[in-house]
Amino acid sequence: MNTNDPSFLKLNPETFIQNSPSPFPDERSLEKLAREMFGALQSFGGGNLPTSGLPTNGLSSPTSSQETLPYLEDLKLTDTGFSYSNFQSFPNINIPQSGGGNLTSARRDFPILTETVNGKPLVWLDNAATTQKPISVIERLSHFYLHENSNIHRAAHTLAARSTDAYEKARSLVQGFIGAGSAEEIVFVRGTTEGINLLANIISDKHIQSGDEILITHLEHHANIVPWQMVCAKKGAKLKVAPVDDSGQIILSEYERLLNSKTKIVSITQVSNALGTVVPVEEMTRSAHKVGALVIVDGAQSVSHMPVNVQEIDCDFFVFSGHKLFAPTGIGVVYGKKSILDTLPPWQGGGNMIKDVQFDHTTFQEAPFRFEAGTGNIADAVGLGAAIEYLNRFGMKQISAFEHDLLEYGTKELLKIPGLRLIGTAKDKAGVLSFVVDGFKTEEIGKRLAEEGIAVRAGHHCAQPILRRFGLESTVRPSLAFYNSCEDIDALIRVLYQLGSRNKLGI
Ligand code: PLP
């Protein structure tokens, strides 16, 4: 078997059958397959892979002898089963933001980018919807299920300690990545949408009265509009919207004018998913704090494109989704200042979030656990940690500079196309090139690009209000990541030119 062939990574059921003496794979053939998988995963990318902490030969676990398991050491069994009192002793990890790894070869770390679609090489320009996963993340998930899988926090056995350590290490990695003060400020959720809904519920219970105001911007994704509409309907509060100018940037004077003593929550995106506008969240947070409002920053589209430091922004909460940060789906993060999180009530009740339960009374854990009821997405949190470790090899500063050049190149080339109108022309932009072309429906362009193996989004991008601000129901939206190249943009431009000439000829 050629383990350097990335197609090997496609786990198709036939591979199982070929490797098995019977149609049903027995244990030995499964083990053989697993061994081969690891071999392939490790050799993929020409030695480009990080192997630290991962098994070096087949299924043997690096942690099988003399393992250091901080959780097991710290675990205090109490009358009620377990205690988190030693949470602080988990090492906080300080992440360097400038790893200096070579970005030009990063593409090779993403096996899916070698796929062909309709006989053409895949060009993935749908990164604002979701990003592709590096081999180190895929490998980390396999490792978790092969060696660590257990529920966390609740048992004194070794696998529970392994999985708890892996999960809490991921929390510390997130903390370092976004510059939070401590790992206790990091709550794992399903994604940005769940994070905003969690905040809408726990903050509004305590902080919103009838007549209060919640301020968002015209740029918001539906995930940062609808939960606030629901709060307003329930509490009798008002939703206010800060407008944008014709470039798609917030009109700061108007935003300031909307802030007043009734404003209790300001919830703003850091980067617009539809236009790519980078919003001055630091300045907006400062103004919001002057009127005593709590500030939530939606970082779904910012974390993958630029360094983020929540303490520098000084926002009270920050949310993002793992799947837009080269990590698995189903995992996301709510950062909250510890001093505020500890004053807020839980949202969902159940196991994991309690200290003590009696029929007439329950006491809750401190943050972050009080917000993580039930069994969380353990493996994918660990995968998110692996994605962050991968990004740290390059550093977000380098990634941001590289993407900035790519965005400039794409903008310049797109603007040469007759009849093309860029939607979103703010001075400060990241990752997104939304456009429409005279005489073509956006779906038509999306479909034509798909035929050539080029994946872009064509539609309303779950941000209908901002598109309507520009008189549109939909745009074509190529969106970038650091594994994209000028060649990817050239492939897109080529198809757009072909479309234009077909139109002229009336074909
Ligand atoms: N906020 C922004 C700015 C987004 O771009 C998205 C998704 O595209 C979301 C929120 C919702 O993220 P998710 O679907 O991962 O919960």
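Below is a table of values for the structure above.
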read-out: Tensor-based shape of the stretch 396-505 (alpha-carbon gyration tensor, a/c under 1.5 rounded, otherwise prolate or oblate); value: oblate
read-out: Whole-Hz ³J(HN,Hα) from phi, Karplus 6.51 cos²θ - 1.76 cosθ + 1.60, for the stretch 271-276, glycine and proline x; value: 9, 6, 6, 8, 10, x
read-out: For the stretch 423-430, 3J(HN,Hα) per residue [Karplus equation, 6.51 cos²θ - 1.76 cosθ + 1.60, θ = phi - 60°, Hz, x = Gly/Pro]; value: 10, x, 10, 4, 4, 9, 10, 9
read-out: Cα gyration tensor shape for the stretch 292-349, rounded if a/c is under 1.5, else prolate or oblate; value: oblate
read-out: Sites matching GluC sites (Glu not before Pro) across the stretch 272-346 that sit in DSSP coil, with at most 16 neighbouring C-beta atoms within 10 Å; value: none
read-out: Translational D in µm²/s for the stretch 184-333 (Stokes-Einstein at 25 °C, 0.890 mPa s, Kirkwood Rh from C-alpha pairs); value: 161 µm²/s
read-out: Nonlocal amide H pairs with Glu115, under 5 Å, H built at 1.01 Å; value: Leu122
read-out: Added length on full extension, which subtracts the Cα-Cα distance from 0.36 nm per residue, Ser210 to Asn151; value: 17.0 nm
read-out: By accessible area with a 1.4 Å probe, ligands and nucleic acids excluded, highest first: order of Arg457, Arg190; value: Arg190, Arg457
read-out: Dipole magnitude of the stretch 396-505 about its Cα centre (Cβ charges: Lys, Arg +1; Asp, Glu -1), debye to nearest 20; value: 400 debye
read-out: Estimated FRET transfer efficiency (Asn260, Ser182; beta-carbon r; R0 35 Å; 0.05); value: 0.60
read-out: Phi to ³J(HN,Hα) by Karplus 6.51 cos²θ - 1.76 cosθ + 1.60 over the stretch 281-293, Hz, x for Gly, Pro; value: 5, 5, 4, 5, 5, 4, 5, 5, 5, 4, 9, x, 7
read-out: Cβ-based charge dipole, the stretch 396-505, positive-most Cα from Leu449, Val437, Leu407; value: Val437
read-out: Between the stretch 355-379 and the stretch 266-324, the alpha-carbon center distance in angstrom; value: 28 Å
read-out: Segment Glu443-Cys486, length gained on full extension (0.36 nm per residue, minus Cα span); value: 13.1 nm
read-out: Charge dipole of the stretch 152-209 about the Cα centre (unit charges at C-beta), most positive-ward option of Thr164, Val174, Ile208; value: Thr164
read-out: Residues listed by number, the stretch 251-289, amide nitrogen under 20 Å from Ile417 label point at 7 Å toward C-beta; value: 273-277
read-out: Asp126 long-range amide H proximity, modeled H, under 5 Å; value: Ser479
read-out: Packing rank of 256-266, 473-483, where each peptide gets the mean count of other beta carbons within 10 Å, highest leading; value: 473-483, 256-266
read-out: Distance between modelled label sites at Lys290 and Leu159, nm, 7 Å Cα→Cβ extension; value: 5.7 nm
read-out: Global geometry of the stretch 261-398, whether rounded, prolate or oblate, following the gyration tensor of its Cα atoms and the 1.5 cut on a/c; value: oblate
read-out: Surface accessible to a 1.4 Å probe, Glu366 within the full protein complex, Å²; value: 80 Å²
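The values are calculated or read from the model by the stated rules, or taken from the named source; none is laboratory data. It should be emphasised that the depicted structure is a prediction, and the values quoted were computed from it without experimental measurement. Glycine also receives a Cβ, built like all others from the backbone with ideal geometry; neighbour counts cover every protein chain displayed. These area figures cover heavy atoms from the full protein model, side chains too; ligands, DNA and RNA do not enter into them. Shrake-Rupley method; radii C 1.70, N 1.55, O 1.52, S 1.80 Å.
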